[in-house]
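See below for the structure under consideration.
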Ligand code: HEM
């Protein structure tokens, strides 16, 4: 399996379950909870889900609705420290253990999450 094939293997449902399992932890996380918009968590959930669907070979809804991802720029308003990165990855790891998708898909997603999270760090 390659990155662009993940969508055809796990489908909308796989991404829906993974990102839902991630976002249900957000309000309870001391470091990340305060950063996310409390009145628009479902919107935030959709943005991450649609982005990943696009990135892993699915429909381009994210691009149609949000334009070029520019992820580092879009994270600039939020204080992404190394601690925040650790919490984000930890929540994603919990989410990945909860969903029933092939291990190979989990490994491809995890590799991408680890490197992208490191690239989002924008303060000490
Ligand atoms: C390293 C720790 C990270 C922190 C603390 C963080 C935090 C945030 C916050 C607070 C938002 C705004 C929520 C919203 O959409 O309203 C956001 C948006 C977003 N994040 Fe992250 N993020 C992190 C890592 C990542 C990673 C690794 C990815 C990609 C796998 C990612 C992808 C996105 C996307 C696609 C959006 C929506 C951008 C948009 O269209 O506005 N983030 N993030």
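Brief remarks on what is shown
- The set of residues in the range 71-101 that are over 13 Å from the mean Cα position of the chain (by Cα), in a helix (DSSP H, G or I) and either without any contact (Cβ under 8 Å) to a residue 40 or more places away in the chain or under 24 Å from residue 28 (Cβ atoms) (or both) comprises 73, 74, 82, 83, 84, 86, 97, 98.
- The residues of the range 103-115 that are surrounded by fewer than 16 Cβ atoms within 10 Å (Cβ to Cβ) and either near the ligand (Cβ under 9 Å from one of its atoms) or within 16 Å of the chain's Cα centre (by Cα) (or both), listed by number, are 107, 110, 111, 112, 114, 115.
- When restricted to residues that are surrounded by fewer than 12 Cβ atoms within 10 Å (Cβ to Cβ) and either part of a loop (DSSP other than H, G, I, E, B) or more than 8 Å from the ligand (Cβ to nearest atom) (or both), the range 35-64 contains 6.
- Flag if residue 30 is assigned to a helix (DSSP H, G or I) and under 19 Å from residue 92 (Cα atoms): no
- Among all residues of the range 93-102, there is none that is within 8 Å of the ligand (Cβ to nearest atom) and either under 18 Å from residue 9 (Cβ atoms) or touching a helix residue (DSSP H, G or I) at 6+ places or on another chain (Cβ under 6 Å) (or both).
- Selection status of residue 109, in contact (Cβ under 8 Å) with a residue 24 or more places away in the chain and out of contact with any helix residue (DSSP H, G or I) (no Cβ under 8 Å at 6 or more places or on another chain): no
- Among the residues making up the range 31-62, those that are without any contact (Cβ under 8 Å) to a residue 24 or more places away in the chain, closer than 24 Å to residue 108 by Cβ and in contact with a helix residue (DSSP H, G or I) (Cβ under 6 Å, 6 or more places away or on another chain) are 50, 51, 54, 60, 61, 62.
- Unmet criterion (only one of (1) over 23 Å from residue 8 (Cβ atoms); (2) more than 8 Å from the ligand (Cβ to nearest atom); (3) part of a helix (DSSP H, G or I)) for residue 68: (3)
Here, each number is a calculation from the coordinates, and none is a lab measurement. Computed from a predicted model, the values in this text were never measured in an experiment. Please note: Cβ atoms are built from the backbone with ideal geometry, for glycine as well, and neighbour counts cover all protein chains shown.
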